[in-house]
Amino acid sequence: MHFRRPTQQYGKPIQLQRNLKRLKEKARELYRRRDEIIKIAGFRKLKEMRNDNFIAWLQKVYEIKNKIQAIEAEFFEKKRLLAMSPPSFSQLKLSDVACVHGISQQKLGKRVMDLNDVISKLMVDAENVSAQMKNVEQRREQEAIHPTEIESEIIQAQTTESRTISMFEIEESETTVPDRGLDKMMKVMGKECEMPVDCAMPKILESIKSETIQIIGIWGRVGVGKTNILKALNDLPEINKMFDNVIWVTVSKDWCMTKVQRDIERQISLTMLKNDNEYVLSLRLFKLLKNRKFLLLLDDVCEQIDLSEMGIPKPTTDNGSKILLTTRVQEVLHIMERDIEIRIESLSEDGSWDLFCKNAGKVVNYSNIQPVARCVVEECGGHPLAINLMARALKEASDVRIWSDALYKLSSPPKFQREDVEELIVTVLKFSCARLEDEIVRKCFKHFALFHEIQKINTMLLIDSWIADGLIDTCVKGNNILKALINANLLESVDEGISVRMDAVIRNILVDIIIPIERGRQCLMLGGLGLTEPPKDEEWEKAKEIRLMDNELTMLPASPKCPILSTLFLQRNYKLEMIPQSFFEYMPSIQVLNLSGTKIKFFPESLFKLIGLQQLYLNYCEHIMVLPPEIGELKYLQVLDLEGTEIIELPIEIGKLTHLTCLQVSFYGYINHGKKIKQSKTMIPHGKISTFSNLEELSINVNPDDDRWDGSVEAIIKEVSTLGKLQTLNFYFPDVELLKVVIRNSSFFKSSQLLHFRFIVGPHLKRIVTRLPHDVESELEQSSRRLIYVNGEGIISQEIREVLENTTAFYLDRHMSVKRLSEFGIKNMKQLEICIMGECNEIQTIIDREDVEEGFVLGSLRYLYIHYMKNLRSIWDGPVVEGSLVNLKSLTLSTCPQLTTIFSLSMIGQLSSLEELRIEDCPAINSIISVGNVTESLHVEKLNREKKSLSTLSGEPSVEVGVDYEQQQKHFCTYSPFLPSLKRLLLHYLPEMVNISDGFYYIGPKLEWMSFYNCPNLMILPIRKVSHYNLRVIRGERDWWDALKWESGRSDYFDRIFVPN
């Protein structure tokens, strides 16, 4: 007899891990068969089956699962121990680890092979068990499951430090076991909780509420819905009531300890704190969390995290805190401490179809499409992300051939040598991209993934980046592309449309797999790697696209040969000061060049030989002061961005660039460096702007102290008025009369073609907008239709009113004579979203009672910022018409010495959307709202007007409708929430403030953050633990806090969240 060596019989060491993987796959088939058999029974008549083979078979299946888990747990534990050994040991494979610890390869191989044989036999036995189950007489009555009886026959109770539970999908029917019985059955059937994502939340909530479970581990494949579960938990009121803080942090594979620590700290304190090292942050986190009951949600954990080293106090029964982490890799849970494991499985068949129909629309009901659609859903395997993307990609596709093509691609996915990536998602994402409108949309989508690692970004910033990198040339195209990507579920609109977000799974697959495969070796993707030296010359030669942005390059190769290079990105290499003279000599095909944010001072001669160059970005190259005449050689240039440079003047040769569609330029060098170099008297040569007949975007930024602009602006504005294709204009008008020239003479304004504008009107100093807080300035800068009106005087011109009618952001700065905002015309402010007013010393009220006759006022306004208004006495004088201020989210009042009260009673009901209220340095304010002096009611006003109107028609005298104001106030103050959406409240330097709400019992139920400073007379806070469970931080002086009066004593909860200034 021929004997083989043990390693040959049971597999060579290198094959051992593969055999174990195959064993697990085969076991999963067995588990699925088990679940199918149980679903056949529908949990009915299990007692009658106890004399059959079902219990014995189920016992064996359970033992298989235990044995596989025991093997994995044993070796992963040993691998974890080796991780603390020298690096060479920690990198060993599973089979090598076994050898290092003296575990026989022969025994290990035999255990794997024996289990494989047992599973094969159990699969055969499953057919017999299934036949017996089907022959059992069907009964309709439901019957609760008694775990004590079944448990004694299936398993012996075992107590382990880490508990896992088995769960399988239950078919919804009239005979489904009650939830109580299901939960007990779940605890009987095994160790690992395998739950459909649409059934997972109840079990997770139960685990969170359990006193004996502190750390919960959730795992499942990519895109199965783990992040959505955390999102739902984070938003669930029930969860927010249970904990002082709910903290959600995404860890991801390239995680950084300090970044995670700062994310946690920011959510606790709701403020941006200074940067520190890991150790300091750890101490600070521990101090913040040790006395709080918190729920920490850690999403997408890819490796072991030492939570104690991070500064996270250990959750215990005493402190009531919990930690919930999600991961794609079960082994992470084996290494980390946890009390329970829950595996998230795919959607059920019905759940998958419902989700698909919801996103695909009515087309799935077509008789010729529905059969194919059901096959498409089946191929998605219950994967929520895949179902969502496929549904949106096929929405409104009435051609059955498109559906057949989708099905073919799903059934024949490409193979990838990546264990952490599913072939299904790669296939689905490629199909979804292919279904986008055109290649430009696809490029913008991939650009987001490549250059915006943050999950969320402001839409205007994103569009600006697309324009800056040459993908599009107008904001209009950018908005249309965003709509297409959102409709395809490739991006998600957040913050009410202000920002967009990309799913981390989608981004990772794009960046790691799809884009590299598509571009192959023709694209050098080296951005953001901290490179100090450029790639080797041979790498440049084969590249069609090179991305070296966001590195630390100080030099470039002298003369790289790049015969096919079309795009070169070098932006934000802040240490790059010089480009070799011959650097561009052998780049004949280059079309897009981005040098923005570098420190270059001069241009190499070879740059102006790039006659095919279409887009040149030099924005924020702050050392460039001179644009050479050779720029005229780039005659096919379409985009020239000189914004943020120190350019003093444009050369005459600029007029040769007749293909320009976008020109952005800043003239700041004249003032900053004018004494050092020879200057001309003109900034832009006469007659050159009018030659740019294709121009769609023009931005000219000037220093207001530059007197050359005053001398040439009139001629320039006449030329600008001749540009028939202009859609975006950024311009400074020193006088209102110059604005009149554009409005009366330009075709782009008359035809409403101008979609985006940023106008400054009136003589001003360079200090404008620099005095605004950063967040206010940021909101103003991001607005696409902005009007800044400065140093105005006298009657408001019709031209200002016309521009205001299309404005979304309005900054009124230092107007000398206007007495109220409504003088600009309420009807002209219907689109206004941001309003900033400062140093308008004649203004006494923002909106006057006379203005309400025109209907609701400022219905679109989201931000109102008022500062340095020395005579302001009220925001609103008179009743507030329904619909006014309904979208206001943020209100700031700063340095208004005559202001005594903020809100009137009729104003409160309209502020349902207000989330942030900041009041600073208003020394006369004694209350935010005073209901005691109310003399008007909006409801009564409307009734009286209606009665007067009717009496006029009938000739009979009208009778005024009365109201019991005392009764009205009592009811309103007792039952109506004051500012129901308020999240942040800041009250600083208010020495006369006595109370916040003057009798309102219920204020800001959604409050998260409160800050007080120098409010010595404020002795009562209208907050209660029962109604303010979202409150996370209260800041103030310690002496003030200790002196506060509380109706029924101060809650320990409030002491825990108080942070002394």
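A few notes on this one:
- For the stretch 663-707, the candidate set comprises residues that are aliphatic (A, V, I, L, M) and at pLDDT below 80; within that set, the residue that is nearest to R758 (Cα to Cα) is I671.
- Residue check for L482: within 13 Å of the chain's Cα centre (by Cα), buried (at least 18 other Cβ atoms within 10 Å of the Cβ), under 25 Å from T250 (Cβ atoms) and not assigned by TED's automatic domain parsing to the domain that holds A391: no
- Flag for V494 being loosely packed, with under 15 Cβ neighbours inside 10 Å and under 16 Å from the mean Cα position of the chain (by Cα): yes
- Exactly one residue out of M869, M837 is touching a residue at least 24 places away in the same chain (Cβ under 8 Å) and either in the same structural domain as G497 (by TED's automatic domain parsing) or not in a strand (DSSP E or B) (or both): that is M869.
- Here D537, D550 are screened, and the one residue that is exposed (fewer than 14 other Cβ atoms within 10 Å of the Cβ), out of contact with any Leu (no Cβ under 6 Å at 6 or more places or on another chain) and acidic (D, E) is D537.
- Selection from the stretch 213-270 of residues that are aromatic (F, W, Y) and at pLDDT 85 or above: W219, F243, W248
- Test: L283 is in contact with a Gly (Cβ under 7 Å, 6 or more places away or on another chain), assigned by TED's automatic domain parsing to the domain that holds Q261 and farther than 18 Å from T250 by Cα: yes
- Restricting the stretch 1006-1028 to residues that are under 18 Å from S1048 (Cβ atoms) and not β-branched (V, I, T), the residue that is modelled with the highest pLDDT: M1019
- Of all residues in the stretch 1035-1061, those being in contact (Cβ under 8 Å) with a residue 40 or more places away in the chain and in a helix (DSSP H, G or I) number 3.
- When residues in the stretch 523-557 are screened for being of a type in the set (V, I, T) and at pLDDT below 85, 0 of them pass.
- Residues that are buried (at least 16 other Cβ atoms within 10 Å of the Cβ) and closer than 21 Å to V592 by Cβ within the stretch 617-634 comprise Y617, L618, N619, Y620, C621, I624, L627, I631, G632, E633, L634, listed in sequence order.
- Checked across the stretch 481-488, the condition of being of a type in the set (A, V, I, L, M, F, W, C), part of a loop (DSSP other than H, G, I, E, B) and modelled with pLDDT of 80 or more holds for at least one residue.
- Listed by position, the helices (runs of 4 or more DSSP H) contained in the stretch 251-365 that have at least 2 residues being β-branched (V, I, T) and crowded, with 19+ Cβ neighbours inside 10 Å are 257-269.
- Residue check, D503 of a type in the set (D, E) and touching a helix residue (DSSP H, G or I) at 6+ places or on another chain (Cβ under 8 Å): yes
- The one condition from (1) farther than 29 Å from A543 by Cα; (2) touching a residue at least 12 places away in the same chain (Cβ under 8 Å); (3) touching a helix residue (DSSP H, G or I) at 6+ places or on another chain (Cβ under 6 Å) that C444 does not meet is (1).
- Any hit, the stretch 575-582, residues being aliphatic (A, V, I, L, M), modelled with pLDDT under 90 and surrounded by fewer than 18 Cβ atoms within 10 Å (Cβ to Cβ): no
- For the stretch 821-834, the candidate set comprises residues that are part of a helix (DSSP H, G or I) and within 35 Å of the chain's Cα centre (by Cα); within that set, the residue that is surrounded by the most Cβ atoms within 10 Å (Cβ to Cβ) is L821.
- In the stretch 379-401, the residues that are farther than 15 Å from I425 by Cβ never reach a residue that is part of a loop (DSSP other than H, G, I, E, B) and basic (K, R) with C-beta atoms less than 6 angstrom apart, at least six apart or across chains.
- For the stretch 754-788, the set of residues classified as at pLDDT 85 or above and farther than 29 Å from I457 by Cα consists of V761, G762, P763, listed by residue number.
- Extreme residue, surrounded by the fewest Cβ atoms within 10 Å (Cβ to Cβ), among residues of the stretch 209-236 that are in contact (Cβ under 8 Å) with a residue 60 or more places away in the chain and touching a Phe, Trp or Tyr at 6+ places or on another chain (Cβ under 9 Å): N234
The values are calculated or read from the model by the stated rules, or taken from the named source; none is laboratory data. Remember, predicted model here, so these are calculated numbers, not experimental data. When we count neighbours, we look across all protein chains shown, and the Cβ atoms used for this are built from the backbone with ideal geometry, even at glycine.
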